[in-house]
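Reading through the structure tokens given below for one structure.
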Amino acid sequence: MNFVALKMLVADRAKYFGLIFAIAFASFLLANQISIFIGIMTRPASQIRDVVDADIWVMDPQTLYDGEVYALRDSDLYRVRSVSGVEWAVPLYKGTGRAKGPDGKFRTVILMGVDDATLVGAPRKMLLGSIRDLDQPDAGIIDKAGFLYFFPGEPLQVGKTLQMNERRVLIVGISDASAPFQSFPVLHTRYSQALGFVGRERNLLSFVLAKPAPGVPVEDVCHRIQAATGLRARTTGEFSGDAFLFYLRNTGIPVNFGITVMIALIIGSVVPGQTFYIFTIENLKHFGALKAIGVTNRRIIGMILLQAMVVGSTGYALGMGMAAAFFSVFLNYLPTRGIVLPWQVMAGIAVVVFFVVVLASLMSIRRVLVLEPAVVFRG
Amino acid sequence: MSSNGIAVVSREVTKTFGRGDTKVHALRGIDLDIRLGELTMLVGPSGSGKTTLLSVITGLLDATSGELMVLGQRPTALAPEELILFRRKNLGFVFQQYNLIPALTAAENVAVPLLAGGTKRRQAVARGKEFLAALSMAHRADALPSELSGGEQQRVALARALVHEPRLIVCDEPTSALDGRTGHAVMELLSATAVRPGRAVIIVTHASRIFDFADQIAHMDDGRIVSLEEDRKNGNSANGLAPASATFSLAEPNDGSFLRIGG
């Protein structure tokens with residue numbers, strides 16, 4: 001009877017395509033908005049996650065996330081190094097400064113000052129040049145988006161210069177740094193040099209990056225640092241979460257995206273649900289005839305579920321295809337770089353679509369089950 | 001209650017809808033025997049109970065009281081799933097509005113009872129085409145119901161009722177949606193193909209023009225059989241009586257059909 005169910009489904013082209021496109025657009029909208037939301041909300045932690053050498057971030061106890069930092073004293077670095085279980089600790093400057101291009105165009109940049117000796121915190125993904133080039137005087141590594149902002153239309157190249165705090169910055173490399181939340185260019189330089197690129201403050205030590213000794217759990221080391229120094233120590237994962245939560249709680253982003261996602265969910269549930277329900281009601285006479293002829297309720301339920309699964313899976317596949325096309329087009333677009341369609345989102349939407357079509361089918365099935373087959377004799 | 005050579009035995013069957021002040025007695029003690037190899041018509045005015053009786057006989061509705069035996073089975077003794085299987089195997093339906101599935105071709109519509117019984121699609125549709133050919137409809141086998149005339153649709157519905165070789169065929173107003181000539185042609189076809197030894201046909205109808213095809217006519221009014229014409233094709237006149245145990249009513253007919261009793 002499966003082919004009967006499928007033929008009944010596709011016979012009414014308008015409803016069939018209406019159902020599929022409703023589910024497809026709802027899936028697309030959900031995938032699109034949730035993925036962009038996740039992409040944007042993970043950006044505040046971009047510079048934290050880009051530091052892959054260290055596992056522990058030590059900061060002032062009042063520092064909540066890496067966007068607003070109260071500087072440590074230089075001596076804090078040595079205090080952290082002295083904690084048992086810490087294999088090594090290095091300084092990191094993270095702040096913002098104003099960079100000026102050769103044509104006078106300026107922009108605020110995220111300045112990362114990495115340890116002079118070890119270059120811990122330097123970008124790992126280089127498009128041009130090497131992190132070792134940071135040893136050169138006035139050297140800086142800028143991310144691709146930043147280079148294209150200051151030098152639009154020019155091919156990626158080293159040797160260009162910028163100005164920061166009346167000092168020359170020599171571009172020695174182009175990095176593929178993760179996009180920051182504010183879309184600012186990201187400039188890596190040596191710690192000692194960063195101090196010269198920003199206006200002088202009394203203390204400039206933003207973070208101490210540390211590595212636990214082999215065999216010592218990173219959480220234990222964090223506790224020890226906190227106990228010994230009174231500073232706040234977080235693992236990379238925890239600190240990324242802090243940044244995420246800060247933006248979640250202190251911006252309108254979740255509300256904004258939440259409303260869109262809710263609308264997509266409501267439209268994605270109500271429109272296909274109602275259309276499918278109407279579709280079944282219109283076929284009630286035929287289901288009644290089938291029941292009279294001797295088709296069991298179980299078989300009719302199977303037919304309705306099959307119809308629901310076909311429109312659900314087709315609509316879902318179409319929606320995911322549209323979402324995949326969207327993200328592949330915008331993957332290399334600088335403002336939206338790094339925003340992708342995670343498989344978890346795809347899986348989650350598959351579950352949502354499944355529930356929507358099952359819910360719609362259950363409403364329809366209920367009408368068919370309570371249908372007296374004797375109705376077929378009523379004209 | 002014997003059922004040898006008898007398709008349906010009904011004794012004192014009643015059917016009541018609703019309760020209290022809204023109670024409606026649709027059937028008031030039906031006594032009727034329907035024999036295999038015969039075509040029985042249930043006739044009477046609207047609301048006389050003929051469609052309700054058809055629904056009770058086919059197991060689509062439960063009788064409120066009384067004894068009913070259909071092809072040797074008591075429908076009320078069967079579990080719901082058994083009743084569905086019983087219907088699928090033994091009953092063929094022809095509906096007033098044909099009830100063909102618009103998305104399926106004529107042959108596929110005919111194949112539905114076989115598909116419901118688990119026959120493979122290809123085999124079922126091939127069988128459907130054979131039955132359509134037997135009803136001179138081979139050339140329309142691939143047409144959709146919307147492409148068929150009323151008479152053609154009813155022939156497809158008749159083929160659907162016959163395709164799984166049921167022992168009891170029930171037809172609800174099979175000619176009411178057709179003009180006189182087409183209706184007569186459909187009845188000729190039905191009479192020629194459906195009625196055979198070992199199979200009974202029950203037709204609910206208003207149309208007196210098709211009474212000549214009946215072996216037995218049960219005239220109904222107000223939920224009762226008010227008169228019964230038996231053995232009509234052998235020239236026996238109507239006794240004007242229901243079976244001995246049936247309640248007799250002198251309700252007035254409204255369509256002139258009683259004028260044909262004994263005619």
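Quick notes on this one:
- nm² value of the averaged projected area, convex hull over the Cα atoms of region B:6-257: 14.0
- P(r) tail fraction, region B:44-150 - alpha-carbon pairs more than 22 Å apart, %: 45
- Structure note, pairs B:Lys89/B:Lys120; A:Lys291/B:Lys23; A:Lys291/B:Lys89: Cα-Cα distances above 19 angstrom occur for A:Lys291/B:Lys23.
- Counted by Cβ distance under 12 Å from A:Ser178, the other residues give a net charge of +3, where Lys and Arg count +1 and Asp and Glu count -1.
- Environment charge at B:Leu42 (Cβ cut-off 11 Å; Lys +1, Arg +1, Asp -1, Glu -1): -1
- For region A:73-230, the convex hull spanned by the alpha carbon atoms encloses 119 Å³ per residue.
- For region B:109-168, the spread of Cα coordinates along the three principal axes comes to 30, 26, 18 Å, biggest extent given first.
- Residue-wise HN-Hα coupling along region A:289-306, computed from phi with Karplus coefficients 6.51, -1.76, 1.60 (Hz; x: Gly, Pro): 4, 5, 5, 5, 5, x, 7, 6, 4, 4, 5, 5, 4, x, 5, 5, 5, 4
- Cα coordinate range in the protein assembly as shown, projected on the principal axes (Å, largest first): 124, 51, 41
- B:Cys171 long-range amide H proximity, modeled H, under 5 Å: B:Val94, B:Ile202, B:Ile203, B:Val204
- Chain A, relative contact order [Cα under 8 Å, separation at least 6], %: 29
- Stretch in chain A that is longest and holds no GluC sites (Glu not before Pro) that DSSP places in a loop and that have at most 10 other beta carbons within 10 Å: A:202-379
- Exposure proxy ranking, count of Cβ atoms within 10 Å, fewest first, for A:Leu371, B:Leu114: A:Leu371, B:Leu114
- Top of A:Gly215, A:Gly101, A:Gly230 by mean-square fluctuation, Gaussian network on chain A, Cα under 10 Å: A:Gly215
- Share of Cα-Cα pairs in chain A lying beyond 34 Å, as whole percent: 47
- Estimated 222 nm signal from helices in the protein assembly as shown, with DSSP H stretches of n ≥ 4 weighted -39500 (n - 2.57), rounded to 500: -13500 deg cm²/dmol
- Among B:Ala138, B:Ala63, B:Ala194: highest mean-square fluctuation, GNM of chain B, C-alpha pairs under 10 Å: B:Ala138
- Under 5 Å between amide hydrogens, built in the peptide plane, is the criterion, and for A:Val169 it picks out A:Leu162, A:Gln163, A:Met164 among residues at least 5 positions away or on other chains.
- Sorted by Cβ neighbour density within 10 Å, fewest at the top, the residues A:Tyr277, A:Tyr78, B:Tyr98: A:Tyr78, A:Tyr277, B:Tyr98
- Beta bridge orientation in chain B: antiparallel %, DSSP, nearest 5: 55
- The residues neighbouring B:Met137, those whose beta-carbon lies less than 12 Å from its own, together hold a net charge of +1 under the Lys/Arg +1, Asp/Glu -1 convention.
We did not get these values from a lab; they are worked out from the coordinates using the rules stated. This is a predicted model, so every value here is computed, not measured. Because the Cβ atoms are built from the backbone with ideal geometry, glycine has one as well, and the counts that use them run over all protein chains shown.
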